[in-house]
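Peer 1: First the structure, which I've put down as structure tokens, then a few questions once you've had a look.
Taken together, the values in this text are just the output of simple stated rules run on the coordinates, not laboratory data. Remember, predicted model here, so these are calculated numbers, not experimental data. Neighbour counts run over all protein chains shown; Cβ positions are idealised from the backbone, glycine included.
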Amino acid sequence: MNIPNILTTIRLCMMPVFLFVYFLPGQTAKWWAMGVILLAFFTDVLDGYIARHYHQITNLGKILDPVADKAMQITVLTCIVFNNISLLWVAAFILMKDILLGIGAIVMYKKGIVGQANWFGKTACFVNICACVMLLFPFSVPLPEAWVTFTAWLLIVVNALSLASYCIMFVKVQSQ
């Protein structure tokens, strides 16, 4: 196992830690939980950088990295819905998108093809994490409802574009 795959595995292991810390009582726990999420995001960026720049891209990493990304997103989205049930529809849409992408990845893998993340997917992941941090953690001034609504729609649009780009990739690969 190379360094990027080790970092990805560590990121996967951070999700139960995040949940544990997030649900501890007190505001300080929320800040520690934000630290865990930001550290997980940093390891995501770092493992991608190392894999690309030091030619350590592996098929395991191509599978494990998106799984870790999805685990991180779903874990954080679940906490958001726990705090704000009105955002359930956003979390459901992103979860459905991830399930569809997972099914597509399995179909491609059975044909001997391991897909890679594209620009739309990476952008969606980045927007998801930024939006989740903004929606989830208590800052000194609560977000106005208009910001929450804007952020929800931004998440929907970015994730829909990501899904569409992967569907196009899937159709192209299937037609070859």
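Peer 1: Give me the dipole magnitude in Debye, nearest 20, for segment 3-174 about the Cα centre, with unit charges on the beta carbon: positive for Lys and Arg, negative for Asp and Glu. Write out the running numbers ahead of the final one.
Peer 2: Working: 10 positive and 6 negative charges, 88 e Å.
Computed charge dipole of segment 3-174: roughly 420 debye.
Peer 1: Tell me, what ³J(HN,Hα) does each residue in segment 93-101 have, in order and in whole Hz, if you take phi through Karplus 6.51 cos²θ - 1.76 cosθ + 1.60 with θ = phi - 60° and put x for Gly and Pro?
Peer 2: Along segment 93-101, the couplings run 4, 5, 4, 4, 4, 5, 5, 4, 5 Hz.
Peer 1: For the Cα atoms of the chain, what angle does the longest principal axis make with the long axis of helix 3-22, in degrees from 0 to 90, nearest 10?
Peer 2: Helix 3-22 and the main axis of the chain meet at about 30 degrees.
Peer 1: How high is the relative contact order of segment 3-174, given as a whole-number percent (alpha carbon pairs under 8 Å, six or more residues apart)? If you can, show how the numbers build up before the last one.
Peer 2: Numbers: 134 pairs, mean separation 41.7, N = 172.
Once normalised by length, the contact order is 24 percent.
Peer 1: Now for a different question. Convert each backbone phi in segment 75-83 into a coupling constant with the Karplus relation 6.51 cos²θ - 1.76 cosθ + 1.60 (shift: θ = phi - 60°), then list the ³J(HN,Hα) values in order as whole Hz, x for Gly and Pro.
Peer 2: 4, 5, 4, 4, 5, 4, 5, 4, 8
Peer 1: Taking the 0 to 90 degree range and rounding to the nearest ten, how far is the long axis of helix 119-136 tilted relative to the main principal axis of the chain, both from C-alpha atoms?
Peer 2: Relative to the chain, helix 119-136 is tipped by roughly 20 degrees.
Peer 1: Obtain the radius of gyration and the Kirkwood radius of segment 3-174 from its C-alpha atoms and give Rg over Rh.
Peer 2: Result for segment 3-174 is an Rg/Rh of 0.98.
Peer 1: I would also like to ask the following. Among VAL158, THR75, GLN116, flag the residue with its Cα farthest along the positive direction of the charge dipole of segment 3-174, charges on Cβ as +1 for Lys/Arg and -1 for Asp/Glu.
Peer 2: GLN116
Peer 1: Determine which aspartates and glutamates satisfy two conditions relative to LYS62: a Cα distance under 14 Å, and not lying fewer than 8 residues away in the same chain.
Peer 2: ASP44, ASP47
Peer 1: Given charges of +1 on the Cβ of Lys and Arg and -1 on the Cβ of Asp and Glu, with all other atoms neutral, how large is the dipole of segment 61-115 about its Cα centre, in debye to the nearest 20?
Peer 2: On the way: 5 positive and 3 negative charges, 48 e Å.
The calculated dipole for segment 61-115 is roughly 220 debye.
Peer 1: Through the Karplus equation 6.51 cos²θ - 1.76 cosθ + 1.60, θ set to phi - 60°, convert the phi angles of segment 45-62 into ³J(HN,Hα) values in whole Hz; use x for Gly and Pro.
Peer 2: Whole-Hz 3J(HN,Hα) from phi for segment 45-62: 5, 5, 5, x, 4, 4, 4, 6, 6, 10, 6, 10, 6, 10, 4, 4, x, 5.
Peer 1: Which of the residue pairs LYS30/LYS70; LYS70/LYS122; LYS70/LYS111 have a Cα-Cα distance greater than 19 Å in the structure shown? Write out the running numbers ahead of the final one.
Peer 2: On the way: LYS30/LYS70 21 Å; LYS70/LYS122 12 Å; LYS70/LYS111 23 Å.
Too far apart for the 19 Å limit: LYS30/LYS70; LYS70/LYS111.
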